[in-house]
Every structure is written in C-alpha cells, then in structure tokens.
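Read through the structure below, which is laid out as structure tokens, and then see the notes.
Please treat every number below as a calculation from the coordinates, not as lab data. All values derive from a computational prediction rather than experimental measurement. Ideal geometry is used to build each Cβ from the backbone, glycine not excepted, and the neighbour counts take in all protein chains shown.
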DNA sequence: AGAGTGATCATG
DNA sequence: ATGATCACTCTC
C-alpha cells in the first residue's frame, strides 16, 4: 500500500506533522531511477515566534519565501556554503512554518546513493544527516518551492507504517544554539533505536 | 576539536 | 560594496 501524502496532511499543526512524518517515505524519481528513504528524524520550525526559524519576527527574504508557502511545498536552502537542507512547509499560505527532514533509512536506489555520496562508508552513513540525505537523493536548488502534493518527481508517501508514542523520542534541535531559550524546545523527533538517525 | 565553504542578508 | 553569519560534514 503506497499512498501519496495529500494537502490535508501538511495543514495539521507543525508539531503533529513533524511526528507523523516519521515512518513516511521521501521519494525522488530521477533519470537514473527511483531513490527513496524512510524518514527517521525531523525537526519542527515554528516561526515567527520561534527564534530558530528563518521566519523569526515575520522576516521575509528571497531565500525563506518557500517557508511561507502552503503546506507541502519544498523549502530548500544552502548552509555553510556546501550543504542543502530539505524542509517541507506546513500550515496555510503565509504561515512561516516548516519541518526539516534530518535523516532517512535508505530504501530504494541504494546503488545510486552510494554514487552520490562516495564518502559514505556504510549504509547508515548514506542519509543520516540533513546535508547527507540531500546529497544521497540528489536534492538541490532546482527543487525550491516544488509542491510535493502534485509534483511528478518528488513526493512523500505513506506505506502503512505507524508508530506508537513510546517509539518516538523528542529532544532539543541541533545546531541552533544562537536561539537562546528556543534552542531548548524538544522539537526534534526521531524513531527510538533507529541506527539511521543523525545523532543520539 | 577544527577547518572548509560560499550564498545570503543587513548595514552603510 | 563589504563583512558576518550559518538548521553541517569530514578529517584529524
């Protein structure tokens, strides 16, 4: 059973979407074939009050525009001059909220992932970080603003797996120490015991 | 623990 | 036009 996630999924509260995204599949149809992975780690960004969010204070720039799109669109950007970060916008148009996809368990197209990430030594190194999974699946600027509800190349999919609350760990988000008290919010979620998460 | 990397944004 | 910043990864 494979079912593409529809608009309503992304219009739920951002923290709900962040948790429900665990166990869903991120799929990229490329010229070299399908590359996909099961989502095992996410983070919620809930601007404009969330100091860690790019939409903090209601700021709008050319870069963060996609964070304000209607739920289900891709907000992708470059950090540290090297690494793409894939987010999915949530809430209605005009709301600066999104979910960062932080780690995947590789499923399809593993040979292609290995070619895309020659430095990865093991299967669990292929996509266990936000920059790594974009390399592995081949995501970059050309996916900016893409609507995953309708696009023919990129989408998210339910394959019938659901987790109990006790299978999900909530902890503080990574790499946002500048966000003061917001850095402490337990808005990073991952599947308990998964060897494919970015950090413990 | 430290370096690398360059687009983006605020400032002037 | 310039300089600081950065939701990371790799190598030591």
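So, R0 is 25 Å and r is the distance between the beta-carbons of residue A:11 and residue A:162; what FRET efficiency does that work out to, to 0.05? About 0.80, to the nearest 0.05.
Separation of the range A:57-131 from the range A:157-173 is 18 Å, based on Cα centroids.
In plain terms, the residue of A:78, A:26, A:100, A:200 with the fewest other Cβ atoms within 10 Å comes first and the most crowded comes last, giving A:200, A:78, A:100, A:26. Model label sites at residue A:153 and residue A:192, defined 7 Å from Cα along the beta-carbon direction, differ in position by 4.0 nm.
Each residue in A:107, A:61, A:14 was given a count of other beta-carbon atoms within 10 angstrom of its own, and listing them fewest first yields A:61, A:107, A:14.
Computed extension gain for residue A:4 through residue A:108, at 0.36 nm per residue and net of the alpha carbon distance, reaches 35.8 nm.
Between residue A:61 and residue A:142, the FRET efficiency from the beta-carbon distance, with R0 = 22 Å, is close to 0.70.
Taking N as the residue count of the range A:3-191, its C-alpha radius of gyration divided by 2.2 N^0.38 Å amounts to 0.95.
Taking label positions 7 Å along the Cα-Cβ direction at both residue A:172 and residue A:115, the computed distance is 4.2 nm, reported to one decimal. Ranked by how many other Cβ atoms sit within 10 Å of their own Cβ, fewest first, the residues A:149, A:79 fall in the order A:79, A:149.
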